[in-house]
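Taking it in order: structure first as structure tokens, then the write-up.
The values are calculated or read from the model by the stated rules, or taken from the named source; none is laboratory data. All of these numbers come straight from a predicted model, not from anything done at the bench. Cβ sites come from the backbone with ideal geometry, for glycine too, and all protein chains shown count toward neighbours. These accessible areas exclude ligands, DNA and RNA; they are computed on the full protein's heavy atoms, side chains included. Shrake-Rupley method; radii C 1.70, N 1.55, O 1.52, S 1.80 Å.
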Amino acid sequence: MALEHALLVSLTERASSGYDLAQRFDKSIGFFWHATHQQIYRVLKRMDEQGWVDAETVPQDGRPDKKVYTVSDAGRAELVRWIAETADLEPLRSDLGVKLRAASLGDPDVIVAEVQRHRDQHAHRLDLYRAFEKKDYPAPADLTGPKLHQYLVLRGGIRVEEGFIDWCDEVLDALKRDTARSQASDPKGTRR
């Protein structure tokens with residue numbers, strides 16, 4: 001997916017200035033597709049040049065004028081084209097997974113701390129997603145259209161976080177067992 005498509009989706013939900021879009025992006029689509037504010041502004045400019053968005057200049061008192069972007073007919077056509085494309089399976093990239101593969105080369109306490117840190121971060125994100133779910137989607141069985149689609153993406157995020165936390169718990173339990181076995185077989189701690 002190109003950032004353009006993520007921004008087009010966000011703009012179909014609500015017309016926004018670049019600043020407002022960047023703020024909203026941080027709180028919604030940004031959980032699933034990362035972009036800096038500078039990238040968002042650059043891509044908006046490119047989308048404007050491609051005719052995918054329309055920009056209306058809005059005067060502001062005491063501040064520079066702002067541009068408010070909406071999706072043009074060409075932008076909607078691009079979204080329709082992109083949605084129809086098959087999506088490739090995204091490769092999993094995980095520094096933590098690679099570190100875990102090499103754990104026997106380092107200090108076991110360091111890898112345990114790193115796994116615990118990741119688990120805590122994912123638990124925090126899961127709490128955030130569940131708060132969004134409770135606040136924004138109190139009756140999921142009644143949802144239709146765009147609200148249903150937004151909810152389903154959020155549910156995907158919740159399931160990913162739950163799975164990652166479960167995996168971290170599994171890893172931590174296995175590392176504790178491994179440490180206990182190593183200590184039992186080498187009580188003087190001479191091997192690593």
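Provide the per residue accessible area, probe 1.4 Å, for the chain, rounded to a whole number of square angstrom. Write down the numbers at each step before the final one.
Details: 13320 Å² over 192 residues.
For the chain, the solvent-accessible area averages 69 Å² per residue.
What's the carbon and sulfur percent of the stretch 60-192's accessible surface, probe 1.4 angstrom, rounded to a whole number? It would help to have the intermediate numbers written out before the result.
Working: 5480 of 10100 Å².
Its accessible area is 54 percent carbon and sulfur atoms.
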Given labels modelled 7 Å from the Cα in the Cβ direction, how far is it in nm from Ser94 to Ala113? 2.2
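Sequence gap at least 6, Cα distance under 8 Å: using those rules, report the relative contact order of the stretch 1-97 to the nearest whole percent. Walk me through the numbers on the way to the answer.
Details: 92 pairs, mean separation 30.1, N = 97.
Taking the mean separation of contacting Cα pairs over the length of the stretch 1-97, I get 31 percent.
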Only four residue types carry charge here, +1 at the Cβ of Lys and Arg and -1 at the Cβ of Asp and Glu. Report the dipole size of the chain about the Cα centre in Debye, rounded to the nearest 20. 520
Note the angle between two axes, namely the Cα long axis of helix 3-13 and the longest principal axis of the Cα atoms of the chain, as a number of degrees from 0 to 90, rounded to the nearest 10. 60
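Ordered by packing density, taken as the mean number of other Cβ atoms within 10 Å over each peptide's residues, highest first, how do 4-16, 161-173, 73-85 rank?
On the way: 4-16: 19.2, 161-173: 15.5, 73-85: 13.2.
Answer by packing, highest mean first, reads 4-16, 161-173, 73-85.
Hey, with R₀ at 45 Å, roughly what FRET efficiency would Ala139 and Arg177 work out to, going by the Cβ-Cβ distance, to 0.05? Please report the intermediate quantities before stating the final value.
Working: r = 44 Å, r/R0 = 0.97.
In this case the efficiency is close to 0.55.
I'm checking a number: the convex hull volume of the Cα atoms of the stretch 47-192, normalised per residue, in Å³. What is it? Intermediate values should be presented prior to the final figure.
On the way: hull volume 33.9 nm³, N = 146.
Cα-based convex hull of the stretch 47-192, divided per residue, equals 232 Å³.
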With Cα springs under 10 Å, the Gaussian network model of the chain assigns the largest mean-square fluctuation among Arg159, Arg101, Arg130 to Arg101
Listed residues Pro64, Pro140, Pro108, most fluctuating in the chain (Gaussian network, C-alpha, under 10 Å): Pro64
Please give the direction-averaged projected area of the C-alpha convex hull for the stretch 60-125, in square nanometres with one decimal. 10.1
FRET efficiency for Arg63 and Glu13, Cβ-Cβ distance as r, R0 = 35 Å, nearest 0.05? 0.90
Need the list of lysines near Lys45 for cross-linking: C-alpha distance under 29 angstrom, and skip anything on the same chain fewer than eight residues off. Lys27, Lys66, Lys67, Lys147
What angle do you read, to the nearest 10 degrees and between 0 and 90, between the alpha-carbon axis of helix 18-27 and the longest principal axis of the chain? 30
Listed by chain and number, the aspartates and glutamates with an alpha carbon less than 18 angstrom from that of Lys176, same-chain partners under 8 positions apart left out, are Asp107, Asp109, Glu114, Asp120, Asp166, Asp186
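More than 21 angstrom separation, counting every C-alpha pair in the stretch 1-116; what % is that?
Working: 3444 of 6670 pairs.
For the stretch 1-116, the share of Cα pairs beyond 21 Å comes to 52 percent.
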Zone residues, the stretch 148-178, relative to Asp120, backbone N less than 20 Å from point 7 Å out along Cα-to-Cβ: 161-176
What number, in percent, do you get for the relative contact order of the chain if the mean sequence gap of Cα pairs under 8 Å and at least 6 apart is divided by its residue count? 17
